[in-house]
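The structure appears right after this line, and notes come after that.
What follows draws every value from the coordinates through simple rules; no lab data is involved. Computed from a predicted structure; not experimentally measured. Methodologically, a virtual Cβ is constructed for each residue, glycine included, from the backbone with ideal geometry; neighbour enumeration extends over all protein chains shown.
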Amino acid sequence: MPRFSVIVPAYKVQAYLSECLDSVLSQSYPDLELIAVDDCSPDACGALIDEYAARDARVKAVHLAENQGLGRARNAGLARATGDYLVFLDSDDTLTPDSLRSIADRIKETGEPDVLVFDYARTYWNGTVERNKVAAQLTQQGPAPFRLEDRPGLLRVLMVAWNKAYRREFVAEQGFRFPAGYYEDTPWTFPVLMAAESIATLDRVCVHYRQRRQGNILSTTSRKHFDIFEQYDRVFAFIAGRPELARWRPVLFRRMVDHFSTVFTKRDRLPRGTRGEFLRKARAHYRRYQVRGAAVPLRTRLRHGLVRFGLHRTYRALQLAMSARRRALKVTVKLARAVRAAVLQLHYRVQLRLPLRSDRAVFAAYWNRGHGCNPGALEEAFRTHAPHIRTAWIARPEHQHTVPPGPRRLRPGSLAYWTALARSKYLVNNVNFDRRLRKRPGQVFVQTQHGTPLKHMGLDLQERPAAAGDMDFEELVRGVDKWDYLLSANRHTTLTWERVYPGGYTTLEYGYPRNDVFQRATSADVARIRESLGIPEGTVALLYAPTHRDYQRTQRPALDLDRVLRRLGPRFVVLARAHYWHPGRLAEGAARVVDVGDHPDIASLCLASDALITDYSSLMFDYANLDRPIVVHAEDWDAYDAARGTYFDLRAFPPGAVARSEDELIDIFATGHWRGSRSAQLRAAFRERFCPYDDGRAAERVVRHVVLGEPAGRPAIVPLAERKPVPSAAAALDCSPTATVAQPSGPLPVTESR
């Protein structure tokens, strides 16, 4: 008896069926049977199913003699199921990797519930992936299993059969079956949830729900949409037969009315000339199942009024009026924005004629995302070493909370923002300011940049259209002309910046201010940060920070972190940090993965970790200052290099061990190579080349030179050999990355490319 019976009905989906079946059979949890039901499909679905059945004994092929529709095709699969749990999957959708294992683990953890509800994400033809908007209802916090009355919000989750796993004996005992017709999930989902004695949730995307451009049954124009009325009759008949479920009538009544109004208002659903008939039937159902005194949310009262009174023409008139109102509002808003922009620019021009304020400095980073990076460290250094300078920080409203006490907070586009840009003597940013900035004589622009370049930057991108996109190179060099100083952390960076950003600025080869913290932090700081992140004591924390891929339209995680951690065992945890351009999760619901994508301070994450896993991110150059292990996952180096271009072959001069596949990366950690002597040698050479000036006083040197006018190079650089960066938590537990470990015979994976 298998653990899961995965039932896949198929009809006219030959283009998607193989991907669907492969997503099931490739699951890391193999204890399953796949029941593929050919609903007398006129295309090649039946033949494809037979091919899979011939190759894999877990596949059961079912062929129906005539087309019966989705509901009855599922019933045919249900009749042949022998698994402990049932999982339904539509044949154009897919299971995400390791989803069945996660479902199995959660079922075991919650004591074999009748129903387990898991999450899904919509996937679009252009590569966009959008998670369920009410995913918060699937939180795993609180007691489990539970009953529906404990978590009634589950009724807000999409009413489909394929986002749940069902205990087969429970389904058999209750006699649940799918009806014929459209909207067959409605009289299945509601009764199942109401009847279940035990329910659990899994906060993990287990299904990718394909949003097809054409061919979706419910998006077709047909009288079959009238089936919705009979389906809700079945739902209320189920309640009528079980008086103990009467308390759910008000909720289901509201859901029914919302569903009716949704079908009615979708222009592509009902055939021409049937909308009035549909609304009359909806009104009859409203009166039949209305619950007197039931509260109707304010946001849905118009829809309820539409159905209750059958106001077809009134509704159309309201639609036209609201459409006209929206158009008028759009014109008004556009005009108001134009007037506001003109007023702000007039204000800016007036401010430009007023004297500069030599005691003012304005800072920003990452296109006004918040306080941090090199400008953040410099802003603190301004207040420490040049306290007569009053600082201000520009941040968008959603990032204002990242700005610490001290600097004045400015919102982009405000009057205060334009005043600060016009009259502050010092301008500091790691990208360019607003291109409308007119740099005045006497203003000093410090361009800090935000990393050591491995990938091509600036004018070098003219030969890399995939990476450059719609970059305006003339605007780029106009921005460079405004720089007075450009920061650099090493000679490689200096030579690169001066070539790809040609201009008359002065390069300050002082190190990167954002790395000062690595030399100043203490073991107590490390312990405090780890505790705040919930990292268990005695574990090895791996910071995983991949970079952006220019050659991929959709940024997909290159590593299956759940699989990596299962292979490495409970001693390891991962801090998963997506690139700031793609702030989504890197491992939905994976055990021992801490999602730190929204953490405001990457330096704190570096301090909390015991090693870094990255691909081609410039973070490796900063992290090397900690003298902690770095493992490079370079599986797609050739594709990355071809699309973006790189300044040297990282595989030939890496900061540590190099993995060319996920399995190699697992092996590097499992065998101890990640912290072995060879890795330490590679890291030492890497630090010597890229970390010569990051001694903890870079920000001070910049302030003393730029603001205080002191001689260049003060204070003096502390040599690498004399620096003592704070040790990792693993080192504090006598698990130092430099400790002697047993090395297997043969070269490290990295040495093959040297």
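Using a cut-off of 12 Å between beta-carbons, work out the net charge of the residues near Lys60 (Lys and Arg +1, Asp and Glu -1, Lys60 not included).
-2
In whole angstrom, how far apart do the alpha carbon centroids of the stretch 608-668 and the stretch 100-118 sit?
36
So which trypsin sites (Lys or Arg not before Pro) in the stretch 140-175 end up in coil per DSSP with only 16 or fewer other C-beta atoms within 10 Å?
Those that pass, being in a loop and sparsely packed, are Arg147.
Please give me the summed charge of the neighbours of Arg478: other residues whose Cβ is under 13 Å from its Cβ, Lys and Arg +1, Asp and Glu -1.
0
Could you work out the local net charge near Asp516, counting Lys and Arg as +1, Asp and Glu as -1, over the other residues with Cβ closer than 15 Å to its Cβ?
Spelling it out: positives minus negatives among the neighbours equals 0.
Under a crude label model (7 Å from the Cα following the beta-carbon direction), how far is Arg223 from Leu158 in nanometres?
3.0
For Lys425, list the lysines whose Cα falls under 26 Å from its own Cα; do not include residues on the same chain fewer than 8 positions away.
Lys439, Lys482
Just in the stretch 609-656: which chymotrypsin sites (Phe, Trp or Tyr not before Pro) are loop by DSSP and have at most 11 other Cβ atoms within 10 Å?
Phe648
What are the ³J(HN,Hα) values, in whole Hz, obtained from phi via the Karplus relation 6.51 cos²θ - 1.76 cosθ + 1.60 with θ = phi - 60°, for each residue of the stretch 649-665 in sequence order, with x given for Gly and Pro?
Going residue by residue, I get 7, 4, 5, 8, 9, x, x, x, 5, 10, 10, 9, 7, 5, 5, 5, 5 Hz, with x marking Gly and Pro.
From the P(r) of the chain, could you give the percentage of C-alpha pairs in the tail past 39 Å?
Details: 142320 of 283881 pairs.
Cα-Cα pairs of the chain separated by over 39 Å account for 50 percent.
For Thr94, enumerate residues with amide H under 5 Å from its amide H, sequence gap 5+ or separate chain, H modeled in the peptide plane.
The list, which skips near neighbours in sequence, is His208, Arg210.
Can you check how the C-alpha radius of gyration of the stretch 184-283 compares to 2.2 N^0.38 Å, as a plain ratio?
After normalising by residue count via 2.2 N^0.38 Å, the value is 1.25.
What number, rounded to the nearest 500 deg cm²/dmol, is the helix-based mean residue ellipticity at 222 nm of the chain, given -39500 (n - 2.57) per DSSP H run of at least four residues and division by all its residues? Spell out each step's value before the answer.
Details: 26 runs with 280 residues, N = 754.
Helices in the chain give a 222 nm mean residue ellipticity of -11000 deg cm²/dmol.
Please list, in order along the stretch 414-431, the HN-Hα scalar couplings obtained from phi with the Karplus expression 6.51 cos²θ - 1.76 cosθ + 1.60 (θ = phi - 60°), rounded to whole Hz, x for Gly and Pro.
In residue order, the calculated couplings are 7, 4, 5, 4, 5, 5, 5, 5, 7, 10, 7, 6, 10, 10, 10, 7, 9, 9 Hz.
Which is the longest run of the chain containing none of the GluC sites (Glu not before Pro) found in DSSP loop states (not H, G, I, E, B) with at most 14 other C-beta atoms within 10 Å? Show your work: numbers first, answer last.
Details: sites that count: Glu66, Glu197, Glu537.
It runs 198-536.
Can you return the lysines within cross-link range of Lys164? Criterion is Cα-Cα under 19 Å, with same-chain partners fewer than 8 residues away left out.
Lys108, Lys133
Each residue of the stretch 198-207 in turn: what ³J(HN,Hα) in whole Hz from Karplus with 6.51, -1.76, 1.60 and θ = phi - 60°, glycine and Pro shown as x?
9, 10, 9, 10, 10, 7, 8, 6, 10, 10
At a Cα cut-off below 17 Å, give the aspartates and glutamates reachable from Lys224, other chains included and same-chain residues fewer than 8 away excluded.
The reachable aspartates and glutamates, counting only those whose Cα sits under 17 Å from Lys224, are Glu184, Asp185, Asp233, Asp268, Glu277.
Taking a temperature of 20 °C and a viscosity of 1.002 mPa s, what whole-number D in µm²/s does Stokes-Einstein yield for the stretch 586-647 with Rh from Kirkwood over alpha carbon pairs?
Taking Rh from Cα pairs, D becomes 159 µm²/s.
Find the relative contact order for the chain and round it to a whole percent, using C-alpha pairs within less than 8 Å whose residues are 6+ positions apart. Write out the running numbers ahead of the final one.
Details: 1349 pairs, mean separation 65.0, N = 754.
Across the chain, relative contact order equals 9 percent.
Run through all the Cα pairs of the stretch 220-261 and give the fraction in each 5 Å bin from 0, expressed as whole percent.
Values per bin, smallest distances first: 5, 21, 28, 21, 13, 7, 4, 1.
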